[in-house]
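The values are calculated or read from the model by the stated rules, or taken from the named source; none is laboratory data. These numbers were taken from a predicted model, which means no experiment stands behind them. Cβ atoms come from the backbone with ideal geometry, glycine included; neighbour counts cover every protein chain shown.
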Amino acid sequence: MLITLNATQRIWAVPAILGQADALCALHAGLAEKLQPGDCLVYLGNYMGYGSKVVDTIDELLRFRKDLPGIQVTHLRGAQEEMWVKLLEIQWAMRPIETFQWMMAHGVEATLRAYGGEAKDAHSKFRAGVVVTTRWTTEVREKFQDHPGHYEFLHGLASAAPTSNGKLLFVSAGIDMTRPLEKQNDAFWWNAAGFEAMATPFESFGFVVRGFDAAHKGMRTTSHSINIDAGTSVDGPLQATCFDPDGNILEHLVA
């Protein structure tokens, strides 16, 4: 699902949060003083994973969205949210144990723990077969759904956000230069190599802007791409970057 940003004024973009609820609250406090009616606010995915306050992070995102009349707020899906969806249906994976281990090594353990799941029980459940595994995922899903608004938030995430003037495309982590915008599918959160290798514009966009860099190289701009993940690690810092409709960076707000 693509959501077009009505880019007539400014666009504020927030990169990967990764369960850093305290930093997000501080960032929101700063944004509350700077956002103006007509601005857009886009979060570039990876709200879950790694950090110790995943539940608090989603609660804060939901709270802040309600407090912003006159602001278009858009949330994109990142790899952490995609993995969480897949974990909740892991009974259908070809190799559930190997898939689970890979997910745990890439940040999902923090999300599972946050929603009351137990990683130590998983392998024995998976070995017992589909019926037992389904019972385990059902229990985890029910605990997840006990948090008001979290299930709806997860399943309402957009895949990417182009601006209405066609100048900017906001993505979570990657792009596939060989596919059209409407057929990117999971390239938006998995194809980081495609983003790194951009040597020409993607379609007619001036810049592709992403919010997560697994290599933690920091903020950087090329002729056709902008990476706004300033973190040197998954612990931050967390910041928002303000763009004008043409892609010029106007301001950074750091928390």
- Message: If I ask for residues that are closer than 26 Å to T200 by Cα and among the charged types (D, E, K, R), which ones from the range 211-240 would you list?
- Response: D213, K217, R220, D229
- Task: Might you let me know whether the range 17-37 holds any residue that is closer than 22 Å to E182 by Cβ, touching a strand residue (DSSP E or B) at 6+ places or on another chain (Cβ under 8 Å) and not assigned by TED's automatic domain parsing to the domain that holds A114?
- Result: no
- Of all residues in the range 71-81 being in contact with a Gly (Cβ under 9 Å, 6 or more places away or on another chain) and either surrounded by fewer than 21 Cβ atoms within 10 Å (Cβ to Cβ) or without any contact (Cβ under 8 Å) to a residue 40 or more places away in the chain (or both), the one that is farthest from G45 (Cα to Cα): I71
- Message: When the residues of the range 93-140 are narrowed to those that are touching a residue at least 24 places away in the same chain (Cβ under 8 Å) and exposed (fewer than 13 other Cβ atoms within 10 Å of the Cβ), which ends up farthest from the chain's Cα centre (by Cα)?
- Response: R127
- List every residue pair whose Cβ atoms lie under 8 Å apart, where the two residues are 6 or more positions apart in sequence or sit on different chains, the first residue falls within the range 148-161 and is within 22 Å of P180 (Cα to Cα), and the second residue, located anywhere, is of a type in the set (D, E) and crowded, with 18+ Cβ neighbours inside 10 Å. L157/E81
- Among residues belonging to the range 111-157 that are of a type in the set (G, A, S) and part of a helix (DSSP H, G or I), point out the one that is nearest to K53 (Cα to Cα). A114
- Note on the structure: Apart from one, (1) at pLDDT 95 or above; (2) assigned to a loop (DSSP other than H, G, I, E, B) all hold for Q80; the odd one out is (2)
